[in-house]
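I have placed the structure first, in the form of structure tokens, so that the comments after it can refer back to it.
The numbers here are math on the coordinates, done by the rules we state, and not lab data. None of these values were measured; they are calculated from a predicted model. As a convention, Cβ positions derive from the backbone with ideal geometry for all residues, glycine included, and neighbour counts pool all protein chains shown.
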Ligand code: HAM
């Protein structure tokens, strides 16, 4: 227990964290180009936020939340996703007073009590974006294009984009009746959770993980066939905007998404390289969420992309995570005086932007050089009593062994 991280969590070691940094830098750069500002919200929120925001008949709320009482007897939940928090912050800080639309992004850890497997964790990380305040179908296309461009700039061109529309409360009302009638005919076959969802929220049965409910859902009437004219026009305009940007998609009437706040456009980006957990990215419009949480009616749309799943796909495809510059200089030393000099020199160089290191383990000169070679230092310099007396030393380039004698004071300029 003591030496094992909790199930479904991962340590990201220094040997891997450069991959995360690469992905995060890409995300930040792309958001800058698209005009999104970063929002950082707390890791935990009042439980009520997710009950209302995500929906109390969803799997996330019913089965997966890390909820606990704090010492002040408040019910607190580790965020299972980022949208509800962003919406809460939008209301709390009256962001709607800013010029609209308000465009936000985040890179956050999320927590869901799920059965861990490849690509499914209990603590995982999301890169997400949210746009508040615009109903324009071109915004739907913009965020989809951001997700697709992000993946393509990371080297993933051939992921599948599936889109659907799940309508607004008007079309949903008519559809719910049809859906309830359909599932009532198969009531005995439904799992217990879905039986309890039938009258309260029949749409949730469509993304039940049980194989029998899943098979019934496949044959159920599709929401896309019941859209009102406004939702149909919106969806057509999203498709036209995607066509205009040359972004290929498939309309998949089976996408309903697992969270309650969605309206109109929903989409998922999948890769068949990561088995059953194939959704790398999921998102959609949520025009009723801000109002549901107590704010003024405000449309919204966003997506979140799972970083662990993205990493899995990138690694499977052997993609690059950028070049990491090897450390610059290793200062080897012989004797106490040289060691003390090395200490000062290393501090001075670090202060001036040069990555460098010296021995801390009392290694012999031979062992110091072996360490420098193994750690990938670009240059080494060896200091002994003579070098310090003459204020000169031999700087060696490790790639080809080329050596030059430099003034100790000049090392900095030489390496820059
Ligand atoms: P979601 O589909 O629940 O949507 O999650 C988005 C992405 O997070 C998934 O596609 C997946 O890559 C990753 N993910 C989810 N659960 C896990 C897990 N247990 N382990 C590893 N990765 C996971 C949302 O969270 C919405 N908030 C997205 C959104 C933003 N919709 C509108 N705005």
How do the peptides 37-50, 398-411, 94-107, 328-341 rank, highest first, by the average count of neighbouring beta carbon atoms within 10 Å per residue?
328-341, 94-107, 37-50, 398-411
Using 0.36 nm per residue of separation minus the Cα-Cα distance, give me the extension gain between residue 200 and residue 76 in nm, one decimal.
42.1 nm
In nanometres, what is the gap between the two model label sites at residue 177 and residue 343, each 7 Å from Cα along Cα-to-Cβ?
8.4 nm
So between residue 324 and residue 229, what do we pick up on full extension, going 0.36 nm a residue minus the alpha carbon distance?
28.9 nm
Calculate how steeply helix 137-153 sits against the longest principal axis of the alpha-carbon atoms of the chain, using the helix alpha-carbon long axis, and give the answer as 0 to 90 degrees to the nearest 10.
40 degrees
Per-peptide average of other Cβ atoms within 10 Å, ordering 250-256, 260-266 highest first
260-266, 250-256
Separation between Cα centres of the stretch 401-416 and the stretch 356-395, rounded to whole Å:
13 Å
Pairs of alpha-carbon atoms within less than 8 angstrom and 6+ residues apart define the contacts here; what relative contact order does the chain have, in percent?
15 percent
Assuming 0.36 nm per residue, please report the length gained on full extension of the stretch residue 170 to residue 237 beyond their Cα-Cα distance.
22.2 nm
Among 369-380, 136-147, 202-213, how do they line up from the highest to the lowest mean number of other beta-carbon atoms within 10 Å?
136-147, 202-213, 369-380
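Set the Förster radius R0 to 25 Å, insert the Cβ-Cβ distance between residue 118 and residue 186 as r into 1/(1 + (r/R0)^6), and round the FRET efficiency to 0.05. Working shown, then result.
Values: r = 32 Å, r/R0 = 1.29.
That gives a FRET efficiency of 0.20.
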If you average the C-alpha positions of the stretch 206-264 and of the stretch 179-199 separately, how far apart do those two centres end up, in angstrom?
21 Å
Mean projection of the alpha-carbon convex hull of the chain over all orientations, in nm²?
26.6 nm²
Virtual spin-label span in nm between residue 138 and residue 97, 7 Å along Cα→Cβ
2.9 nm
Relative to the chain, whose Cα atoms define the longest principal axis, helix 229-244 and its Cα axis are tilted in degrees, nearest 10, by 30 degrees
Report, to the nearest 10°, how far helix 336-351 tilts away from the longest principal axis of the Cα atoms in the chain, using its own Cα long axis and a range of 0 to 90°.
40 degrees
Can you figure out the FRET efficiency of residue 69 with residue 390, using R₀ = 51 Å and their beta-carbon distance, to the nearest 0.05?
0.15
Sites residue 352 and residue 153 - FRET efficiency at Förster radius 41 Å, r taken between beta-carbons, to 0.05:
0.80
Expressed in nanometres to one decimal, the distance between label points 7 Å along Cα→Cβ at residue 43 and residue 416 is 4.0 nm
